[in-house]
1. I need a count of the residues in the stretch 176-226 that are without any contact (Cβ under 8 Å) to a residue 40 or more places away in the chain and among the hydroxyl-bearing types (Ser, Thr, Tyr).
2. Could you tell me how many of the residues in the stretch 48-73 are under 12 Å from Val9 (Cα atoms) and outside any helix (DSSP H, G or I)?
3. So which residues in the stretch 101-127 are in contact with a Leu (Cβ under 7 Å, 6 or more places away or on another chain) and outside any loop (DSSP other than H, G, I, E, B)?
4. Hey, among the residues in the stretch 45-73 that are hydroxyl-bearing (Ser, Thr, Tyr) and within 18 Å of Glu142 (Cβ to Cβ), which one's modelled with the lowest pLDDT?
5. Checking Val9 against (1) among the aliphatic types (A, V, I, L, M); (2) modelled with pLDDT of 95 or more; (3) under 15 Å from the mean Cα position of the chain (by Cα), which test does it fail?
6. Which condition number does Gln76 fail, the rest of (1) in a loop (DSSP other than H, G, I, E, B); (2) modelled with pLDDT of 95 or more; (3) within 30 Å of Asn232 (Cα to Cα) being met?
7. Of all residues in the stretch 69-81, how many are buried (at least 17 other Cβ atoms within 10 Å of the Cβ) and either over 24 Å from Met161 (Cβ atoms) or within 15 Å of the chain's Cα centre (by Cα) (or both)?
8. In the stretch 42-64, which residue that is hydrophobic (A, V, I, L, M, F, W, C) and surrounded by fewer than 20 Cβ atoms within 10 Å (Cβ to Cβ) is nearest to Ala152 (Cα to Cα)?
Amino acid sequence: MATRTAGFVAARDVRRSFGDTVVLDGIDLHIERGEVVALLGASGSGKSTLLRILAGLDDEATGELDVPSSHAVVFQEHRLLPWKRVAGNVALGVRGADVAERVSAALAEVGLADRERAWPGELSGGQSQRVAIARALVRRPELLLLDEPFGALDALNRLKMQRLFRELQTAHDFAALLVTHDVDEAVLLADRLLVLEDGRLIEEIEVSLPHPRAVDDAAFGALRRRLLTLLNVPAEA
């Protein structure tokens, strides 16, 4: 796959098959600087595959990519190394004389300024995912790729993390691709919604609702129903 470094994100004619199974069938995608794009679709529709391709984690895909060299990934599982303390996990792979200061600043931003010396096993699920986000922030990404980052959290922690994401995105103005199954989460956070089905992007929706957004707003509800229809989910579900 051809890759060029740029300050924005573009994917052209991206294709990926696993054996005889076509997962991505000619995807064209763009993300502007500072834009949050949510990618939705049924399980197996190719969402995570596309995210991995953009992250440079799949060498078998074909097509052309423009992806900023400064990017980071947050997965559903926090993937913290249990033998490293929190600060060591955040600093993993980061170089420079100011790494310690950057780590402290990133942990403070996610509300864990007092947990630098903690072991991963001492953290709650929500705290562990905050560390994973700090590990991404410390790299100062122009692009943040998030694969169901809050999917393993309970409802209350999920809401807190969604709010934290908006605060961090506003503060740092990074572009983001958010893969999610949660329609409400997509409408709450994204500037634009993409629906993936059978390896193709079948719908693109601009979200013009001002922030902060409320799920009980009539316009929010209308957009939610439109998405559910596209995803073949009964509106009352």
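The values are calculated or read from the model by the stated rules, or taken from the named source; none is laboratory data. Note that the coordinates shown come from a computational prediction; the quantities given were computed from them, not determined experimentally. All Cβ positions, even for glycine, are placed from backbone atoms using ideal geometry, and neighbour counts span all protein chains on display. Heads up: the accessible areas ignore ligands, DNA and RNA and are worked out on the full protein's heavy atoms, side chains in. Shrake-Rupley method; radii C 1.70, N 1.55, O 1.52, S 1.80 Å.
1. Within the stretch 176-226, the subset without any contact (Cβ under 8 Å) to a residue 40 or more places away in the chain is 182, 188, 202-210, 213-223, 225-226.
With the extra rule that they be among the hydroxyl-bearing types (Ser, Thr, Tyr), the set shrinks to 208.
Going through the stretch 176-226 one residue at a time, the tally reaches 1.
2. Matching residues across the stretch 48-73 total 9.
3. Scanning the stretch 101-127 gives Ala106, Glu109, Pro120, Gly125, Gly126, Gln127.
4. Applying the first criterion (hydroxyl-bearing (Ser, Thr, Tyr)) to the stretch 45-73 yields 45, 48-49, 62, 69-70.
Filter once more, so that each one left must be within 18 Å of Glu142 (Cβ to Cβ): 69-70.
Details: Ser69: 89, Ser70: 92.
In this case the residue turns out to be Ser69.
5. (2)
6. Tallying (1) in a loop (DSSP other than H, G, I, E, B); (2) modelled with pLDDT of 95 or more; (3) within 30 Å of Asn232 (Cα to Cα), Gln76 fails exactly one: (2).
7. Of all residues in the stretch 69-81, those buried (at least 17 other Cβ atoms within 10 Å of the Cβ) come to 71-76, 78, 80.
Next, only the ones that are either over 24 Å from Met161 (Cβ atoms) or within 15 Å of the chain's Cα centre (by Cα) (or both) stay: 71-76, 78.
The total comes to 7.
8. If we filter the stretch 42-64 for residues that are hydrophobic (A, V, I, L, M, F, W, C), which is where we start, we get 42, 50-51, 53-55, 57, 61.
Retained after the next criterion (residues that are surrounded by fewer than 20 Cβ atoms within 10 Å (Cβ to Cβ)): 42, 55, 57.
Details: Ala42: 17, Ala55: 21, Leu57: 22 Å.
The selected residue is Ala42.
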